[in-house]
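To keep things clear, I will list the structure first and then write my remarks on it.
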Amino acid sequence: MEIIKRNIDALYFLGDTHGDNLGICWSLRNVGSKVKKAIIHVGDFGIGYEETRHDELQRLDKVNTKLIESNAYLFVVRGNHDDPSWFDNSNVTSNIIFLKDHTLLELTLSGKLTKVYCNGGSVSINRLTSTQGVDYWQDEKFTCPSDAELLEIPTDLDAIVTHNRPLGCHPTVFNEVVMRSCLEDVTLEFDLRKEQVEMKRMFDSIRERNNARNNILHYFGHYHWNHKERIGDIAHITLAKFAMAEYKEK
């Protein structure tokens, strides 16, 4: 497991932005630049769609400048509309970090250690009409950590960030758009269900080892609406596009 540490004064979770990233700091305009902030993006940042890496870096530099002005770090979890090759925990700019799957953020938030486990990826429903390596990547899906890796996840987590949700979590049924895609892509429904089961396996492992008195917040995107529900000791929070939620200490 990769571990990244930062000292911060405020923590936020951000929904899908799909490449429209210059406005990321807009919601933080009233917080003040003296407050050191971390923003954790739940995926579908939209990295990998420019023709060249140089073009991508130019776009990122503009976002990075806004983050510096706002005194904010941006941690990006991998979505299905992101090129997986960018996600290696490296700083391609000073304030943007694309997180490798199975990464733990240890954030000292106003003197208190806050642990956030991040693991991205998801299956795209439009993969049949997309072009491999241009707007679709075969290794985009979520992959459950191995048995050994699952045991690396701490038992005192404060939050989990994924792009999609596990089986049994809202929304529990496919909408009309997904079902139309399943009619055209004959293996899509199987792959979507398999991914949900794989993610449930990860969450079951975390839940079984978690101290029952420790309430974990799970943030995810993908569905472009806001919703919150509690299953056992985990609160599952769906973030709509561009929605930002501030983490409050327990």
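For the stretch 32-83, the Kirkwood estimate of the hydrodynamic radius, built from every pair of different alpha carbons, is 11.9 Å.
State in Å² the accessible area per residue of the stretch 170-244; use a 1.4 Å probe, count heavy atoms of protein chains only, and round to the nearest integer. If you can, show how the numbers build up before the last one.
Values: 4180 Å² over 75 residues.
Ligands and nucleic acids excluded, the result is 56 Å² per residue.
Electrostatic tally near residue 150: other residues with Cβ closer than 14 Å to its Cβ, Lys and Arg +1, Asp and Glu -1, net -3.
Percent of accessible area on the stretch 1-91 owned by carbon and sulfur, 1.4 Å probe?
44
Counting only DSSP H runs of at least 4 residues, each contributing -39500 (n - 2.57), and dividing by the residue count of the chain, the helix-based mean residue ellipticity at 222 nm comes to -6500 deg cm²/dmol.
Evaluated at q = 0.12, 0.13, 0.16, 0.18 Å⁻¹, the base-10 log of the normalised Debye intensity for the stretch 145-250, with identical point scatterers placed on the Cα atoms, takes the values -0.46, -0.53, -0.78, -0.95.
Gyration tensor over the Cα atoms of the stretch 1-91: the corresponding equivalent ellipsoid has semi-axes (square roots of 5 times the eigenvalues, largest first) of 22, 16, 12 Å. When 237, 40, 231 are compared by accessible area at a 1.4 angstrom probe, the order from most to least is 231, 237, 40. For the set 62/115; 34/115; 34/66; 66/228; 34/100, the pairs lying more than 19 angstrom apart at their alpha carbons are 62/115; 34/115; 66/228; 34/100. Sorted from greatest to least, the principal axis extents spanned by the alpha carbons of the stretch 87-227 come out as 51, 38, 32 Å. A Gaussian network model of the chain, with springs between Cα atoms under 10 Å, assigns the largest mean-square fluctuation among 53, 213, 78 to 213.
With every protein chain present, what is the per residue accessible area of the stretch 1-102 (1.4 Å probe, Å²)? Spell out each step's value before the answer.
Details: 4480 Å² over 102 residues.
Accessible surface, normalised per residue, equals 44 Å².
Largest accessible area first, the listed residues 5, 112 line up as 5, 112 when surface is computed with a 1.4 Å probe on the assembled protein chains. Translational diffusion of the stretch 128-183, estimated by Stokes-Einstein from the Kirkwood radius over alpha carbon pairs at 4 °C in a medium of 1.567 mPa s, is 87 µm² per second. Taking 174, 45, 220 as the candidate residues, the one with maximal mean-square fluctuation in a Gaussian network model of the chain, Cα springs under 10 Å, is 174. Calculated from the alpha-carbon coordinates, the chain shows an Rg and a Dmax of 17.4, 53 Å respectively. Roughly how many percent of the accessible protein surface of the stretch 189-232 is carbon and sulfur, given a 1.4 Å probe and a whole-percent answer? Carbon-and-sulfur percentage of accessible area, whole number: 51.
Across 155, 93, 131, mean-square fluctuation computed from a Gaussian network of the chain (C-alpha pairs under 10 Å connected) peaks at 131.
Accessible surface for residue 136 stands near 40 Å², nearest 10, in the context of the full protein assembly shown (1.4 Å probe). Distance from the C-alpha centroid of the stretch 219-235 to that of the stretch 6-85: 21 Å, rounded to the whole angstrom. Of the whole protein surface, residue 205 contributes about 20 Å² of accessible area at a 1.4 Å probe radius.
If DNA, RNA and ligands are ignored and the probe is 1.4 Å, what is the ranking of 146, 124 by accessible area, most exposed first? Display every interim value, and only then the final one.
Numbers: 146 55, 124 5 Å².
Descending accessible area places them as 146, 124.
Ligands, DNA and RNA excluded, the heavy atoms of residue 248 present near 130 Å² of accessible surface to a 1.4 Å solvent probe.
The values are calculated or read from the model by the stated rules, or taken from the named source; none is laboratory data. All figures in this text were calculated on a predicted structure; none of them were measured in a lab. Cβ coordinates were reconstructed from backbone atoms using ideal geometry, including for glycine residues, and neighbour counts include every protein chain displayed. Areas reflect the complete protein model, heavy atoms only, side chains present, ligands, DNA and RNA absent. Shrake-Rupley method; radii C 1.70, N 1.55, O 1.52, S 1.80 Å.
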